[in-house]
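Contents: one structure, followed by commentary.
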Amino acid sequence: MLAATQETGPGQRLTVLLPEQLPFQLPRQEGVPEVVLERLLRSLPPRRATYVGSFGGTAAIIKLFSTDEPQARRDYAREVEGLTLLTRAGLPTPELLFSGPAGDGASLVVTRYLDGSEDLLSLIQAPPGRMEELEVGHQLGVMMARLHRHRLIHRDAHLGNFLCWQKQVVLIDGGGIGRNRALFKSRANLTNLALLLAQLPVNKGGLAGALMKGYGVDYRAIGRYLNAQRSARERRYLKKSLRSCTEFKAEKGEGRRVVVRRELTDDPDMQHLLQNPDRAIEHGQPLKQGNSATLARIRERPWVIKRYNIKSSWHRWRLAFRRSRASSSWLNGYRLRMWGLSTPLPLALIEQRIGWFPDRAYLVMEYSPSSSCTDYLKQGDAKSQQVIDELVLTTQQLQLLGLSHGDMKADNLLYGEKNITILDLDSLRRWRHQKTLRRAIAADQQRLLRNWDEAMDFHRRLSQQLKRANTIPMTGFTD
């Protein structure tokens, strides 16, 4: 059956829009061509599911919405209204082939399948500055400008909701389209454009610049809206990273909290590590043994585990009133990665407590094989200049995100694959005010330079390049 149901409580039904086998033909409706589901694209039980299939023999995207769920009924109405608004405005969007009841407790929205299309998320993985990237970015800006001229906004503006098809940008997901009913429409338009720009990594300056040029706006006009959207997106994602969701699994009880990446929940090595992290450290390869933290590499897997120790009763008391260092590193790791900066992927977080007071905490990360920046000083001026360029770029990216590292010693900055990998994120901090941010960045840069007090030529070149970079106006992105 298309819609199977099961009792989940008195008067409550869970509608499942997933057939047991594919391909699956929907029950025929009078006057409606044959609808066949062939491949599941995504699902959000119990509300909706999206398939690639056929509609009367024509390749199509088929969206099914439960009629038993109030939110799903609203989703269906928004999808149909949004596609209708786009068509009336003459904006490029897949042709709406059918909308209506599908039987078995579902409604149906069918649009033409654009064979050979590619969603714009692929632009994020592409090398910065490609000509195709700049052309598509310009088209995307023009598209948003046309959308706003028709007094429409895209409530879910991200690159996954745009396709590139036959060298043309096409807008999909009618459910995100709505009328701009704001009193100050130009402000709402800039906020909407900033929502799209906030999805880009900070190193996509070429793409962002082309998008803003296509729209007809510069960074001075949109900067504060972009910062607000970045902060809001970051808050939502970091909050999600500490609870159970598609990407993470969180458990709390018996004096400890554990968060682990969802794909590792059934991994035997990870399960053993979570059960006894101290034993994993004892059997691992020691990397650092200090009073405040212990670091070891797991021999069987490319993982590193860091234990944050409790140094004294006074230390334990102070930690009771703030976030653990392991939790801060976990959040900061995902904060940097979501903006395109390189840092080892956090895999698991363990926090232990004794009653009300915190005890040891652990952070499991991917192992980074890169080398310290100091290792490249003996490889000639060309290689050392690459390291300088990347160090300066990293400080610029942190600054435009309103972040300071707090401990820019050479061992925390690894160079490999033509970028800097940032380690030891315990002290990484976001600043709200530009004055305090500039002071923190200046302290980071001074600490960075002290790494090379004895390498005078490298120190001089790095210092000069940092000074030049500090005079360049920030534009929200780097190239």
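The values are calculated or read from the model by the stated rules, or taken from the named source; none is laboratory data. For clarity, every value in this text was computed on a predicted model and none was experimentally measured. Positions of Cβ are generated from backbone atoms using ideal geometry, with glycine treated the same way; all protein chains shown enter the neighbour counts.
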(request) Starting from residues that are in contact with a Ser or Thr (Cβ under 6 Å, 6 or more places away or on another chain) and among the small types (Gly, Ala, Ser), keep the ones in segment 68-105 and report whichever is modelled with the lowest pLDDT. (result) GLY105
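Among the residues that make up segment 424-431, is at least one of them among the acidic types (Asp, Glu), under 22 Å from LEU242 (Cβ atoms), assigned to a loop (DSSP other than H, G, I, E, B) and not assigned by TED's automatic domain parsing to the domain that holds ARG335? Lay out the reasoning, then the answer.
Let us first name the residues in segment 424-431 that are among the acidic types (Asp, Glu), namely 424, 426.
Now narrow it down to the ones that are under 22 Å from LEU242 (Cβ atoms): 424, 426.
When the remaining residues are screened for being assigned to a loop (DSSP other than H, G, I, E, B), the result is 424, 426.
Filter again for not assigned by TED's automatic domain parsing to the domain that holds ARG335, leaving 424, 426.
Yes: segment 424-431 contains one or more residues that are among the acidic types (Asp, Glu), under 22 Å from LEU242 (Cβ atoms), assigned to a loop (DSSP other than H, G, I, E, B) and not assigned by TED's automatic domain parsing to the domain that holds ARG335.
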(request) Looking at (1) surrounded by 19 or more Cβ atoms within 10 Å (Cβ to Cβ); (2) touching a residue at least 60 places away in the same chain (Cβ under 8 Å); (3) assigned to a helix (DSSP H, G or I), find the lone condition where ALA280 falls short. (result) (2)
(request) Please determine, by comparing only the residues of segment 403-421 that are farther than 13 Å from ASP444 by Cα and not basic (Lys, Arg), which one is farthest from the chain's Cα centre (by Cα). (result) ASP411
(message) Which of the numbered conditions does PRO369 fail, given that it passes all the others? Conditions: (1) modelled with pLDDT of 95 or more; (2) in a loop (DSSP other than H, G, I, E, B).
(response) (1)
(message) When you scan segment 289-296, do you find a residue that is more than 25 Å from PRO369 (Cα to Cα) and free of Cβ contacts under 8 Å to residues at least 12 places away in the same chain, even just one?
(response) no
(request) Restrict the check to segment 333-355 and report whether at least one residue is in a helix (DSSP H, G or I), at pLDDT 95 or above, touching a strand residue (DSSP E or B) at 6+ places or on another chain (Cβ under 6 Å) and of a type in the set (Gly, Ala, Ser). (result) yes
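Tally the residues that are assigned to a helix (DSSP H, G or I) and surrounded by 14 or more Cβ atoms within 10 Å (Cβ to Cβ), restricting the search to segment 222-250. Working first, answer last.
Applying the first criterion (assigned to a helix (DSSP H, G or I)) to segment 222-250 yields 222-240.
Next, only the ones that are surrounded by 14 or more Cβ atoms within 10 Å (Cβ to Cβ) stay: 222-223, 225-231, 233-234, 237-238, 240.
Of the residues in that region, 14 qualify.
Residues ARG468, ARG430: which one is touching a helix residue (DSSP H, G or I) at 6+ places or on another chain (Cβ under 9 Å), over 18 Å from ASP389 (Cβ atoms), surrounded by fewer than 16 Cβ atoms within 10 Å (Cβ to Cβ) and modelled with pLDDT under 95? Write out each step before concluding.
Working: ARG468 fails: over 18 Å from ASP389 (Cβ atoms).
Only one candidate qualifies: ARG430.
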(request) Being of a type in the set (A, V, I, L, M), surrounded by fewer than 22 Cβ atoms within 10 Å (Cβ to Cβ) and without any contact (Cβ under 8 Å) to a residue 40 or more places away in the chain is the filter here, so list the residues in segment 130-165 that pass it. (result) MET131
(request) Identify the single condition in (1) part of a helix (DSSP H, G or I); (2) touching a helix residue (DSSP H, G or I) at 6+ places or on another chain (Cβ under 7 Å); (3) hydrophobic (A, V, I, L, M, F, W, C) that LEU200 does not satisfy, given that it satisfies every other one. (result) (1)
(request) Inspect all residues belonging to segment 299-317 and state whether any of them is basic (Lys, Arg) and modelled with pLDDT under 80. (result) yes
(message) Could you check segment 166-179 and list, in sequence order, the residues that are crowded, with 16+ Cβ neighbours inside 10 Å and either more than 26 Å from the chain's Cα centre (by Cα) or within 20 Å of LEU200 (Cα to Cα) (or both)?
(response) VAL169, VAL170, LEU171, ILE172, ASP173, GLY176
(message) Suppose the filter is in contact (Cβ under 8 Å) with a residue 12 or more places away in the chain, under 21 Å from PRO473 (Cα atoms) and either in a helix (DSSP H, G or I) or small (Gly, Ala, Ser) (or both); does MET212 pass it?
(response) yes
(message) Being in contact (Cβ under 8 Å) with a residue 12 or more places away in the chain, within 14 Å of PRO101 (Cα to Cα) and charged (D, E, K, R) is the filter here; which residues of segment 24-59 pass it?
(response) GLU34, ARG48
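Those residues that are in a loop (DSSP other than H, G, I, E, B) and farther than 19 Å from ILE420 by Cα, I need them from segment 448-479; list them, please. So that I can check it myself, show each step before the final result.
At the first step, the residues of segment 448-479 found to be in a loop (DSSP other than H, G, I, E, B) are 451-455, 471-479.
Once the filter is applied, which keeps residues that are in a loop (DSSP other than H, G, I, E, B) and farther than 19 Å from ILE420 by Cα, segment 448-479 yields ASP453, GLU454, ALA455, THR471, ILE472, PRO473, MET474, THR475, GLY476.
Looking for something in contact (Cβ under 8 Å) with a residue 24 or more places away in the chain, farther than 21 Å from GLY176 by Cα and part of a strand (DSSP E or B) - is there at least one such residue anywhere in segment 103-120?
If we filter segment 103-120 for residues that are in contact (Cβ under 8 Å) with a residue 24 or more places away in the chain, which is where we start, we get 103-120.
Checking the rest, the ones that are also farther than 21 Å from GLY176 by Cα come to 103-105, 115-116.
Going one step further and asking which of them are part of a strand (DSSP E or B), we end up with 103.
Looking through segment 103-120, at least one residue is in contact (Cβ under 8 Å) with a residue 24 or more places away in the chain, farther than 21 Å from GLY176 by Cα and part of a strand (DSSP E or B).
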(message) Residue under question is LYS204, and the condition is that it be over 19 Å from GLU351 (Cα atoms) and under 19 Å from the mean Cα position of the chain (by Cα); does it hold?
(response) yes
